[in-house]
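One structure is given here, and the rest of the page talks about it.
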Amino acid sequence: MANSLEEDTLIEDSENDDDDTIDNDEDDDDDTEEEFFEEEDDDDENQVEDLLSMESRIRYERHLLGNLVRRLSTETVTLKVHDVVIKGNKKTNYLLLESEIKALKDATTMQELLAIATVVNSRLQRFDIFDSVRITFDTGPPELPGTTNVVVEVGEPKNPFVGEFGVFSKPEAKTWSLEGSAKLKNLFGYGDIWDGSWAFWWDQTAEISSGVSLPRFKGINTPLTARISLLSQDWMKLSSYKDQLLGLSVGLISSMHHDLAYNLTWRSLADPSQSSFKSIRSQLGHSLLSSLKHTYKFDQRDSPVWPTSGYAFQSTTQVCGLAPDSRSSRFLRQECDVRFALPLGFYNAALNFGVSAGLIVPWGSGFWNTTPLMSERYFFGGNSSPVCKLGGPATLVGFKTRGLGPSEPQSVAVGKSNDDSLYALGGNIAVTAFADLSFDLPLRVLREAGIHGHLFACAGKLSKATVEEFKGFSFQRIGESMRSSAGVGIVVPTKLFRMEVNYCYILKQLEHDRGKTGVQFSFSSPK
C-alpha cells in the first residue's frame, strides 16, 4: 500500500514537472515571439523614419531650388568664381580645354555664369571627341562666402576609332552604292580628328577622300580643316562626258554661322566615245579651279528631318579663278536657301515651304561669250526631299536625274538621225520652290515611331543666263517655262536620313523633260 502511494506521488510529481516544463517552454516561445515582433516594429519604424527623412530632404531640396529659381528670375545674384576644375581629360591636352573654359572665370553673377556655361558646353560638344560634357557648380571655401567652384567633367571614349559601312540604293537612277567611312578621334590629344571616306556607285561615281581637322591651332582661335579628295563621275549616258577631279580644300574660318574655305581642284573632262556635242568638245581636257568659298548659315528648325517649327537660311558665295593660270575657270556663284516651318496646332500638322535660287556668272575678258564648265552647272532631278538639306537648287520631285532643263538631241552629237534620246546641258540660273504639309497618321503605333503623312507640291526653272535670256526677261515667260509636280506620301524619319514613299503626279513639263507620274521612293540626308 505504501509502495502504491509512493508511486502515485512520483507520477504526480512527474506530471507536475512536465507541466512546469511545458509552461516554461510556452513562456520562452512567447518571449521569443514578443522579441521578434518588437524587432519587426523597430525595423518598420526605422524604414518609416528613413522614408520620412528622404521625403523631407526632397521637399527641402525642392524648396531651395524653388527659391533659387525665384531669385534668378527676380534679382541679380552676385558671386565670384573661385576655381575651375577640369576632370576626365586623361588624354585630351589640358591647355586645349583651358582655352575654351577660361570665360567661366570672368562671370560675376549667377545668371552670367549659367549663360557662359551653356556656351562652353556647346563648344566642347562640337569638338566631337567626347561622349559627354558635364558642368556643375559647387560652393566655394567656407572662408570665402559668395564664391563658387565650377567643375567641368568630360567623358572620353574608350575606343577612339569609329567606322561605318553600308549599301545604299538610288531608286530614281536604278543604281546601288557601297559607302564607308572611318574616323580616329583625338589621336594626339589636341582634339584632332583624322577621317577617310569612300563611295562607289555602279557605273556612275567613285569618290575617295581623307582629311584632318583641329579645333584650335597654336594662337588661332578658329577650327582648321584640310582635306584631299579624288572624284570620278561617269555622265556618258546623260551628258556624254566623264569627269575626274583631284582637289585640296583648306578651311580657313569656321564659326557657328560662318565658314570660309579655299579650294584648289585639278579637273579632267573626257569623252572616250567621241560622241559629245559641240558645247562639250570645247571644254574637253584639263582645267584648274582655284576658289574661295564663304557660307553663312543658321538653322532654327526643331528638326532637319521632320521640321514642325522654326526657320533656316543659307547663303553661299564662291569666287573662282584666283590662280594666274590661263586654264583656270573664272566665274562667280551665288546661292540662297530659305526654309520656314509653321505649326498648325492640330494632329501635329506643320506647313513647310522654301525657296532656293542659284546663279553662275563668268567673269574676266570676254565673259559674255564664256559659258561655265559642264561640271559647274546646275542640273535638276532626282527624288531627294527638298525639306531636309540646305545647299542650293538641285531637286524637283518627280523628274529623273538630269531630267529637265536645256538639252540637245544625241543625233546632233553622234550624227544618227534615228537617235531621239537627249543629252542634258544644264544651266547657270536655277530656281526651285516647294510646299509640304505634314500630319500625324491615325494609328498610334505609327505616331510613336514618328511615321507620318504629307502632301507636297514643287516647282522649278532651269535655264542658261545668256544675253538673249536677259533681253527677253518677263514674268510671263518665266511662268511658261516653270515645271511643277505634286503628290502625297508617307515619311519615315530616322536619325540618319528621311525615307519617303510617294505617289507623284507631274503637273507640268516641257517637251523633252523626263518626268514620271507614279510611285517613287526617296532617301534624303540632312547633311
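The values are calculated or read from the model by the stated rules, or taken from the named source; none is laboratory data. Nothing here was measured: the structure is a model prediction, and the numbers come from that model. Reconstructed Cβ throughout: ideal geometry from the backbone, glycine too, with neighbour counts over all protein chains shown. Quick note on the areas: whole protein, heavy atoms, side chains included, nothing else; ligands and nucleic acids left out. Shrake-Rupley method; radii C 1.70, N 1.55, O 1.52, S 1.80 Å.
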For this session: Among residues belonging to region 148-182 that are among the aliphatic types (A, V, I, L, M) and at pLDDT 60 or above, point out the one that is most open to solvent (accessible area, probe 1.4 Å).
Result: V167
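Can you tell me which residue within region 269-292, out of those that are open to solvent by less than 60 Å² (accessible area, probe 1.4 Å) and modelled with pLDDT of 85 or more, is farthest from R126 (Cα to Cα)? Break it down stepwise before answering.
So the first thing to find is which residues in region 269-292 are open to solvent by less than 60 Å² (accessible area, probe 1.4 Å), and the list is 269-271, 275-277, 279-280, 283, 285, 287-291.
Filter once more, keeping what is modelled with pLDDT of 85 or more: 289-291.
Working: L289: 31, S290: 29, S291: 27 Å.
Selected residue: L289.
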Seminar exercise, completed: Checked against (1) in a loop (DSSP other than H, G, I, E, B); (2) crowded, with 17+ Cβ neighbours inside 10 Å, T265 satisfies every condition except (1)
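Yes or no, residue by residue, for (1) modelled with pLDDT under 85; (2) loosely packed, with under 10 Cβ neighbours inside 10 Å; (3) part of a helix (DSSP H, G or I); (4) among the polar types (S, T, N, Q):
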| position | (1), (2), (3), (4) |
| --- | --- |
| L5 | yes, yes, yes, no |
| D25 | yes, no, yes, no |
| F36 | yes, no, yes, no |
| D44 | yes, no, yes, no |
| D50 | yes, no, yes, no |
| E61 | yes, no, yes, no |
| N67 | yes, no, yes, yes |
| V81 | no, no, no, no |
| A117 | no, no, yes, no |
For this session: Inspect all residues belonging to region 232-244 and state whether any of them is outside any strand (DSSP E or B) and either surrounded by fewer than 17 Cβ atoms within 10 Å (Cβ to Cβ) or among the acidic types (D, E) (or both).
Result: yes
Exercise. In region 302-317, which residue that is more than 18 Å from G453 (Cβ to Cβ) and under 12 Å from the mean Cα position of the chain (by Cα) is most open to solvent (accessible area, probe 1.4 Å)?
Worked result: D302
Exercise. What are the pairs, 6+ residues apart or on separate chains, where a residue within region 207-218 that is in contact (Cβ under 8 Å) with a residue 60 or more places away in the chain and within 14 Å of I193 (Cα to Cα) has its Cβ under 6 Å from a residue that is crowded, with 18+ Cβ neighbours inside 10 Å and among the hydrophobic types (A, V, I, L, M, F, W, C)?
Worked result: P215/F127
